[in-house]
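What follows is a single structure, written as structure tokens, with notes after it.
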Amino acid sequence: MYRAAFLLAVLSLMSPAAEALDNGLALKPTMGWLHWERFMCNINCNKDPDNCISEQLYMQMADVMVKEGWKDAGYEYVCIDDCWPSYQRDAQGRLQADPQRFPGGIKKLADYVHSKGLKLGIYADVGKNTCAGYPGSLGYYEIDAQTFADWEVDLLKFDGCNLKWTMLEEGYVKMSKALNKTGRSILYSCEWPLYEWAFQKPNYTAIRETCNHWRNFADVYDSWSSVKSILDWTVVHQDIIVPAAGPGGWNDPDMLVIGNFGLSHDQQESQMALWAIMAAPLLMSNDLRKICPRSKKLLQNRLIIDISQDPLGKQGYCTAKFDSFEVWERPLSNNRLAVAVLNRQEIGGARGFVIGAIPGWKICVPKCNVTQILPQYKEMGVQTSESKVILSVNPSGTALLTVTPINSDFTRMHKLRWQDVSFKHKQATIL
Ligand code: GLA
């Protein structure tokens, strides 16, 4: 009895401050595929039929997702981004898909995707036009929400272009309510804070109550400098954004660009590891029809996906920066910890990092069990707080570990965890 009450008290302390959007969705970070970074607004189906934004692209991606193990690994949503609609609404004011590129229409595409056991995502914009100039939803929130529900769409990415920033809150909240009113479960992916940060600090309590995930920062590109800029922004703002994340609502650092052209394999491992630590949606933007085996193996790595999808649902923090290393830590269920050590020095070869320098390493009192997941799977066995084990981390690569405490009694563990959190906050202000 006492133990149950204590557990409840601990759990209530641990739950995020704000209530999540209550639609029962995104209890774990969303997994799937989204066209934008790789295929952008390629609408030239005459010259480039295999890569243009057309129903064929999503059907082929859905086929591959089932055949090549993506669905089994947890990737579920096949998502359309900008440039799908016709420039004109229909006679009833409804959005319609471009008839040349989507001859079957979105409802048929949704049926196809559902027949594969997957879900379909679509894209719209809170303002007058989408970022690429297609019709926006301003003045049509209810009609568009109902249209998406009638088509049996499962996710809406709602962009924030072409609207005065002071109207963002009203627009995003109205669309959230309109989606809810349809009675269909439609996961709601927002870009509200990204468009608001240029003017003021967003209200993350309101955002969490409205959206299932939200973009905070600029679009990801297929380059290491882009991935680094997203990580750097996150570290600077972590005290504001990390507490907002939890089951039902997540910070979205944008798509995984693994399997494209711009990242070395070490950099791809870093993106995968850090996106898992950040409890980020895992929305790949790549060509699953021709991805290389190494990138595929990384994206389907069950141990990294388990960190991403951990049921405790807490986003990690960057807990230390020194000697051009960054340490990131995410608390996991059963008092475990995921740790990523990123080597930010982009000259020379692999560098050593002593495990005991990880701030959360105190969970290894008296002992812990350590598994290295990246760069290679390795059971590192039982360690103590005195452990002198050295990780070898390549330039712009990451070592990813899980740490499981052994023989630590329940009460003391939680005490340590709370010290840990306050340490993180202190550390965050120093960073
Ligand atoms: C914005 C978004 C991107 C993408 C494009 C489409 O830039 O942030 O993710 O949706 O619009 O035009």
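The values are calculated or read from the model by the stated rules, or taken from the named source; none is laboratory data. This one's a predicted model, so the numbers in the text were calculated from it and none came from an experiment. FYI the Cβ positions are ideal-geometry reconstructions off the backbone, even for glycines, and counts take in every protein chain you see.
Within region 279-292, does at least one residue satisfy the condition of being small (G, A, S), within 16 Å of the ligand (Cβ to nearest atom) and surrounded by 24 or more Cβ atoms within 10 Å (Cβ to Cβ)? Checked against the condition, which is being small (G, A, S), within 16 Å of the ligand (Cβ to nearest atom) and surrounded by 24 or more Cβ atoms within 10 Å (Cβ to Cβ), region 279-292 yields at least one hit. Checking every residue in region 205-217 against the condition of being in contact (Cβ under 8 Å) with a residue 24 or more places away in the chain, among the hydroxyl-bearing types (S, T, Y), surrounded by 20 or more Cβ atoms within 10 Å (Cβ to Cβ) and in the same structural domain as L138 (by TED's automatic domain parsing) gives at least one match. In the set (1) surrounded by fewer than 19 Cβ atoms within 10 Å (Cβ to Cβ); (2) of a type in the set (S, T, N, Q); (3) assigned by TED's automatic domain parsing to the domain that holds D81, Q268 fails one condition alone, (1). Does region 98-110 contain any residue that is surrounded by fewer than 20 Cβ atoms within 10 Å (Cβ to Cβ) and under 14 Å from D154 (Cα atoms)? Yes: region 98-110 contains one or more residues that are surrounded by fewer than 20 Cβ atoms within 10 Å (Cβ to Cβ) and under 14 Å from D154 (Cα atoms). Being assigned by TED's automatic domain parsing to the domain that holds A245 and modelled with pLDDT of 95 or more holds for only one residue in L299, L337, and it is L299. Does E142 fit the bill of being away from the ligand (no atom under 16 Å from the Cβ), acidic (D, E), free of Cβ contacts under 8 Å to residues at least 40 places away in the same chain and over 25 Å from F199 (Cα atoms)? Here the answer is yes, as E142 does meet what is asked. Take the conditions (1) more than 23 Å from the chain's Cα centre (by Cα); (2) farther than 30 Å from I304 by Cβ; (3) surrounded by fewer than 21 Cβ atoms within 10 Å (Cβ to Cβ); C41 misses just one of them, which is (1). Where helices (runs of 4 or more DSSP H) fall wholly inside region 156-210, the ranges with 2 or more residues that are away from the ligand (no atom under 16 Å from the Cβ) and out of contact with any helix residue (DSSP H, G or I) (no Cβ under 7 Å at 6 or more places or on another chain) are 168-182, 204-210. The set of residues in region 38-79 that are under 22 Å from C211 (Cα atoms) and within 16 Å of the ligand (Cβ to nearest atom) comprises Y77, V78, C79. Go through region 218-228 and give me each residue that's within 14 Å of the ligand (Cβ to nearest atom) and surrounded by fewer than 20 Cβ atoms within 10 Å (Cβ to Cβ). Matches in region 218-228: A218, D219, Y221, D222, S226. Listed by first and then second residue, the pairs with beta-carbon distance under 6 Å, at least 6 apart or on different chains, first residue in region 161-188 and in the same structural domain as F199 (by TED's automatic domain parsing), second aromatic (F, W, Y) and part of a loop (DSSP other than H, G, I, E, B), are W165/F199. Determine whether W197 is in the same structural domain as W275 (by TED's automatic domain parsing), in contact (Cβ under 8 Å) with a residue 40 or more places away in the chain and surrounded by fewer than 24 Cβ atoms within 10 Å (Cβ to Cβ). Judged against the criteria, W197 is not a match.
Just to be sure, is V242 surrounded by 22 or more Cβ atoms within 10 Å (Cβ to Cβ) and either out of contact with any helix residue (DSSP H, G or I) (no Cβ under 6 Å at 6 or more places or on another chain) or at pLDDT below 95 (or both)? Judged against the criteria, V242 is a match. I'm trying to understand the selection: among the residues of region 229-278, which are acidic (D, E) and away from the ligand (no atom under 16 Å from the Cβ)? Selection gives D232, D239, D266, E269.
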